[in-house]
Amino acid sequence: MRKEKFAPHLYPPPAEAAGGEEGGLGWMKGELELLKGQSLYRKLRVLEEIKGTRATVDGRKISLFCGNDYLGLSQHPKLIEAAKQALETSGVGTGSARLISGTQKRHVELEDRIARFFRREKALLFSSGYLANLGVLSALTQTGDTIILDKLCHASLIDAARLANAAVRVYPHKNLEYLEKILKRTPHLYPPPAKVVGGSEGGKIWIVTDSIFSMDGDLAPLPGLVELKNRYGAYLVIDEAHGTGIFGERGRGVAEHFGVSDEIDIHIGTLSKAIGSFGGFVTGCSELIDYLVNFARPFIFETALPASICAASIEAFDLLEHEPELRHRLWQNVKRLRSGLKQVGVPLLESESPIIPVVFGDEKKTLDAAERLLKEGFLIPAVRYPTVSKGKARLRVTVSAAHSEDQIGGLIETFKRLLSLAD
Ligand SMILES: *Cc1c(COP(=O)(O)O)cnc(C)c1O
C-alpha cells in the first residue's frame, strides 16, 4: 500500500499525500489515519505492578493471558537473586562488544550451559532471538544459495532471509510436498564443497522453519523436514523460540519432542520466553559457532549482554533440569484452558502448544473482543496484519504454568459470556 501511494516519490512528499499539508513528516499522520480506518493501528499499553500473571493497567487489576513467559520464570526468586548478585559484582552494562572487551565469565558459562543442555558442541549468545536469526542467515549464506521458508515463519526469519545473500523461496504452511517440488527444482551441489560454509562454490540449500508457529501455535513437521533435508542434501535451520524449555521430555524443544535433535544442523532459540530472561542463542557444532563469531554481524557489532541477564538465564536452565513439575503444571493448564474453551463453544485452531489462537478473521471484531475482555479483566491483545494475514485477525491467548485455576476458570466464563453476546 505504502509503495503504491508514494513511489516514485518526491521529497518533501506532495501536499495531497495523505495528511501532507503540514509538510515535513506530516505524511506519517496520513498513513497512521489509514491504519486506524482499517482497524490496523497499534498502540502501547503500560503495565504496572506486574506480579506473575497479574498486573495493573489504567488503575485496574487484570490477568495476563498473552505473554510468552510460559513457565513463569521471569519473576522466579532464584533468577532475580542470581541477577542481583551479578549486578553487584559486574555492574549494569558491559560497555563493549564480545570480541573487544565485552566477554565476561558469565557469557562463557551460559554458552557452555546452553550447549550442555541441548547436547551440542557449542553455543553462541546474541542480544536477542531476532538478532540470532539475522546473524545466522546473513552470515551463512552465499551467492548461489537458496533459503526455503515456511509461509508462516516469524517476521525475524523473513527479515533474516531478506538480509541474506541467497535466493528465497516460500512453501505453503507445513506443505512438505510443495517443499519437495522446490527442492527438486533448486540447482545445488551435494555434498557441499569441502570448504563447507565459506566454500566459494555456494549452491547450498537452507530449509528454515519455526518449530512452533508463533501465531497459530502448531508444530512444524520436523521428522518430514529432516527426511527431505537428508534426501536433498540441504541444511535444516530451526527457530525454537516457543519450543525451548517446554517441549520434549527434558524441555529441549520440539526437536526433542520428535526425537530428531541430532538431525538439526542449526538450532536457534531465545532466552526471553520460557527461559524468563533475555537474549538469543545459536547452538550446533563447534565449526558453526566459530564461523558465526567471525562472520555474524549482529554478534560482532553489538555490545555484549549484561552479566546479570546471563546469570539469570543460567539459573533458569538449572530450574528446567531440576523442576520438571514446572512443565507438567504448564501442560495441565494448557489442557484445562483448551478443553474449557472448547466446551463453551469457542472455535479453536488445532494448536498443540500453550499458544491458543481464537480466530475472528475480521480486524474490527477482533479489536472489539479484545476491548471487552480487557473490561472484564483479561489482557489479550488483538493480533492483526502484518503479524498475520489480512482477514485472519485473532486473539492470541497464551497460558502459563503460573496461571491459577481461578484465572483459567474466569477466562473460560468470560469467553462464554462474550459468545452469548455475539449471538
Ligand atoms: C519471539 C520470537 C523471536 C524473537 O526472539 P527475541 O528474543 O524476542 O528477539 C524469534 N522467532 C520467533 C519464532 C519468535 O516467536
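FYI, it's all coordinate maths here, none of it is from the lab. Since the model is a prediction, treat every value here as computed from it, not as a measurement. All Cβ positions, even for glycine, are placed from backbone atoms using ideal geometry, and neighbour counts span all protein chains on display.
Does Leu348 meet the test of being at negative phi, away from the ligand (no atom under 16 Å from the Cβ), among the aliphatic types (A, V, I, L, M) and part of a loop (DSSP other than H, G, I, E, B)? Against the criterion (at negative phi, away from the ligand (no atom under 16 Å from the Cβ), among the aliphatic types (A, V, I, L, M) and part of a loop (DSSP other than H, G, I, E, B)), Leu348 qualifies.
Residues checked against (1) surrounded by fewer than 23 Cβ atoms within 10 Å (Cβ to Cβ); (2) over 30 Å from Lys84 (Cβ atoms); (3) under 21 Å from the mean Cα position of the chain (by Cα):
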| position | (1), (2), (3) |
| --- | --- |
| Phe247 | no, yes, yes |
| Glu302 | yes, no, yes |
| Trp331 | yes, yes, yes |
| Pro347 | yes, yes, no |
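Taking the conditions (1) surrounded by 22 or more Cβ atoms within 10 Å (Cβ to Cβ); (2) closer than 20 Å to Arg54 by Cα; (3) under 22 Å from the mean Cα position of the chain (by Cα) in turn, Leu373 satisfies each one other than (3). Looking only at residues of region 262-290 that are touching a Lys or Arg at 6+ places or on another chain (Cβ under 8 Å) and surrounded by 19 or more Cβ atoms within 10 Å (Cβ to Cβ), we find that the one that is nearest to Ser400 (Cα to Cα) is His267.
Val293 meets each of the listed conditions (1) surrounded by fewer than 22 Cβ atoms within 10 Å (Cβ to Cβ); (2) of a type outside the set (S, T, N, Q); (3) assigned to a strand (DSSP E or B) apart from (3).
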